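Worksheet: one structure, shown below.
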C-alpha cells in the first residue's frame, strides 16, 4: 500500500499577510446596519466592544493585511500546518481522485480557532485591554481564546452555555488549565443573566444568552473588550493563513485542486481555506469548485434566506445581510456544536450569492461514518464538525470513481476529536440520531426577520 | 517577551536506524531467565508470543538496527517530532537555564507509544500474523496499537483493566474508532479471566490479570501474537528515534544538554530520550546528567530492589533482573496510570546500577502544579505522566537560578493530556491526593521475590 504523504513548509514560509477577499470581489458586501437607525455602522459604534485595529480590519479593502510579528512568532508553534495527501484513504475508496487535506488539529487547542484567537489577543493587548469576555458553546473557541490569553497575559472570561458547561466538563477543564475563568450561562453576574434566572432558575442557556452576557460585561468596563470566534470579517481574514499555506504546499506537489471542500458553521473555517482559492480564480487563475458542507439540521446556506438579521437571539448586535434561518431558530441537538448557528458569515453569504461557491447539507450519522473511515485509513480522529468535510470529500472521490475522473480534491480537516469522544461512543452504540429541524419553527423564525424601511 | 522556538527537521532526516545501547555498555545486562529451569531463555521460548524479528531485536548487540522503510513512511506523518526551546517558561521561572523539550504528543494517538506500536505491527504483519492481543491500563498503549493495527490491517484485541474500561470510556472509544476490539478484563473469554470471575464476578481487574488473559489468547492461536508497550529491550529500542532526533535538533541550536530529564514507568519513554545521550557519553562524548522521574507512590528506581522478578502478577513471564517493588505490590491510585508498574525495564535498571543515571520521585500534586504552569507558558497541556518530567525540568531550572548557572536542560514531553482532563478537573477542585504506598505491603511484596538457586 502506498503511504500517505506530508507536505511540510519551512516556518520562514508562514504567510506574512492575511488575504482579504473583499479586494477581489466584483461587488462589495452589503453594509452592516445599526438596528436603531438602519444606517451603516461606523467604527465608533463598535469601539466599546473591539479595539480599533480589529474594527479597521473589519472594514478594510486592502488585499493583503500584514500579520504582526508577535502573532507570526506564536503561529510558529504549529504553523505552517501540514498538508497531507491521503493516499491510504484513496486506496480504501479505490478512487482515481487525489485527495489532499489541510490539518489544523495540530494547534495546541486542537482546531483552527487559535489562528484568530492569537491575533485578537495580540490586538487587544496592544490596545491596553486587560480582559476579554466571550461566549462559547461546544468549547473550541473558548479554549482557543483561553490559550491566547495565557500567552498574552490577558484575563479571559468565558460565558459557557450551561448545558455544555455541565455536559462537557473536560472542555471547561482545558479552559481553566489555560487560566481562563469559565462561567455557566445564564449566570448571576449580569443583568441579562439574572433576568433569565429570575424566570427560570434551571434555564439550560443558549448561545444567544451567553453572547448577551459577554457583550454586557464588555460594554460596561473600560479595560474590557468582547471577542467573537467566527462570522465577522476580521475573524475570517485571520483564518486565511490556512488557504494561503495550502496553495504553496500544493505547489510543492505540483498540483492544484479541482474541488475545495470545507465545513461551514459561522464560516471562518470555510473561508480560511476557500477564500484564497476563490480569490486566485477571481484574479484570473484556475477556478476550482468550492463546496461548503453544513449540517442538515442547521442548513443555513441551503435552506436559509439571504436577508438582514441579528447575529444573536437577544438582538444586541448590528444587522448583517447573510443566509439565516432566523435568529429565533433553534437547531436540534447536534454533536457538531460548532456548526450549530442560525446565520452564516456575511462574506461567505455574499460569495454564495455571487455564485462563487456551492453548498451541501449532510446528516450527522453519514458524517461520523466518513470520519471513522478516515480515522482508520489516515490515523487521525476528526472533530464532529470536520467529519462534515470528510463526508463531502469522500463523496466527491466516489463521484470521481463513478465518472472515471482523476480530479484533485482538497478538504479542510479543521480539528481533532479528542474532546468529542462521547459523540463517537454514541455513534458506535447506535445512539446517534439524524434529527430534522422543525419546518414550522423555521417558517416562524424566517417570518420574524427584521423588516427594513 | 521572547517567544518559544521550534526546531524542525526535514522528514528526510527521520533516523534510518534505532540505537541499541547494549553495544556501548561496559557490561552486558544480566540474562533473562526461564522461571522453571532458571536458565537463560532462548528465542524458541518466546516464539509463541512474538515474531522472530522482534525476538532477535530483543537480544541484538548491534549498535544500529535498521528501521524498515514502511515504518519510516508511517513515522513521516508526525516525525521528526518537534523540539522546542521553552523561552516563555524560562522567562516565567526567571531562570538563567535554557529549557528544551522534545514533544511526542504530535503522534495521532497523542504520545510516544506509536513509535513502537507501528514497528511491532509491521514485524507481525511481515511474519503473517493476523491478530495481535495486548493489555492496556490507562489506554495510551492500547490506542497506539489500535492505530497501528488499522494502518497494517491487523486485528487488534485489547484486554483493558475493567476499572479503566468503565472509568475511561473515551480511551475505549478511541480504540474502537481505530477498529480495535476492546474487552473488559477479567473477561469470560479466557480461562484465567473465568477463574477470577468465578471467585468474584465484580472483580475490578488489574494489569497483571489483563496480561494473563492476553498472553493466554496469543499462545493458543497460530495466527495470533502478543505485544507489550514498554519494559522489553525491543520496545525501548524503537523509542530511541526520540533521542536520536533530539541530538540532531539541538545541534541546529548549536547546543547540548547538561541535564536530560524524562519520566519513567516501564522505561520506554525514558530510554527513548536518554539512551542516545548516555551512549554518546560512553563513546567519549559529553556526559550530561540523566534524570529519571518516577511517581512517589510507585518508586521503582528509588525504593525498589535490584533483583530477578516476574513482569506480571500472575507469574507467566520470564524472570528479568530489574528494579522492582515486587510483582505482588499494588501501587495506590494515581492519575499517571502509565507510570504505575511494579518493575522497571531491565536495560534502564542496568544503566542505573552502572551509575549512568539518577532517579527522583515526586508526588502527583506537585507534578500537576508544574503541568499547569507549563501549559500556561507554552500552550500545551501535558499528560499526567509527562507532568512528572515537567516537574523535574522546572526543579532543575530553579536550581540553576539559585546557583546562578546557565545550564541547558532537555526534557521529554511524552504526550498531551487531552484524554486525562478528569485529572486536571480533580486538581483544580482540590480533590487530587498524594497517596503514599503502604510500607508494610512493600516489605511483604519484596520478601516475596523469587529466590534463585
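Structure data summary
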| read-out | value |
| --- | --- |
| Qualifying residues in the range A:246-275 (those that are surrounded by fewer than 24 Cβ atoms within 10 Å (Cβ to Cβ) and in contact with a helix residue (DSSP H, G or I) (Cβ under 8 Å, 6 or more places away or on another chain)) - the one farthest from residue A:393 (Cα to Cα) | A:248 |
| Filter result for residue B:71 (assigned to a strand (DSSP E or B), touching a residue at least 24 places away in the same chain (Cβ under 8 Å) and either closer than 24 Å to residue B:152 by Cα or within 14 Å of chain A (Cβ to nearest Cβ) (or both)) | no |
| Subset of the range A:384-415 [in a loop (DSSP other than H, G, I, E, B) and either over 18 Å from the mean Cα position of the chain (by Cα) or within 12 Å of chain B (Cβ to nearest Cβ) (or both)] | A:404, A:405, A:406, A:407 |
| Breaking point among (1) surrounded by 24 or more Cβ atoms within 10 Å (Cβ to Cβ); (2) outside any helix (DSSP H, G or I), for residue A:189 | (1) |
| From A:311, A:333, residue being modelled with pLDDT under 95 and surrounded by fewer than 24 Cβ atoms within 10 Å (Cβ to Cβ) | A:333 |
| Those strands (runs of 3 or more DSSP E) lying entirely in the range A:253-344 with at least 1 residues within 26 Å of residue A:165 (Cβ to Cβ) and more than 17 Å from the chain's Cα centre (by Cα) | A:305-310 |
| Filter result for the condition that a residue is more than 14 Å from chain A (Cβ to nearest Cβ), touching a residue at least 40 places away in the same chain (Cβ under 8 Å) and not in a strand (DSSP E or B), over B:119, B:195 | B:119 |
| When residues of the range A:211-224 are limited to those that are at pLDDT 90 or above and closer than 19 Å to residue A:137 by Cα, the one surrounded by the fewest Cβ atoms within 10 Å (Cβ to Cβ) | A:216 |
| Residues within the range A:74-83 that are touching a residue at least 60 places away in the same chain (Cβ under 8 Å), buried (at least 21 other Cβ atoms within 10 Å of the Cβ) and not in a helix (DSSP H, G or I), tallied | 5 |
| Scan of the range A:151-163 for residues that are within 13 Å of chain B (Cβ to nearest Cβ) and either in a strand (DSSP E or B) or out of contact with any strand residue (DSSP E or B) (no Cβ under 8 Å at 6 or more places or on another chain) (or both), ordered by number | A:151, A:152, A:153, A:155, A:156 |
| Pair list, Cβ < 8 Å and 6+ apart or interchain, from the range B:164-179 residues that are more than 10 Å from chain A (Cβ to nearest Cβ) and farther than 10 Å from residue B:146 by Cβ to residues that are in a helix (DSSP H, G or I) and modelled with pLDDT under 90 | B:164/B:337 |
| Lone qualifier among A:423, A:352, A:436, A:366 - being at pLDDT below 95, under 24 Å from the mean Cα position of the chain (by Cα) and part of a helix (DSSP H, G or I) | A:423 |
| Candidate set: the range B:16-30, residues that are touching a strand residue (DSSP E or B) at 6+ places or on another chain (Cβ under 9 Å) and part of a loop (DSSP other than H, G, I, E, B); chosen: the one nearest to the other protein chains (Cβ to nearest Cβ) | B:16 |
| Residues that are out of contact with any helix residue (DSSP H, G or I) (no Cβ under 7 Å at 6 or more places or on another chain) and more than 14 Å from every other protein chain (Cβ to nearest Cβ), drawn from the range B:1-15 | none |
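The values are calculated or read from the model by the stated rules, or taken from the named source; none is laboratory data. Model, not experiment: these values are computed from the prediction. Here the Cβ is made from the backbone with ideal geometry for all residues, glycine too, and neighbour counts use every protein chain on show.
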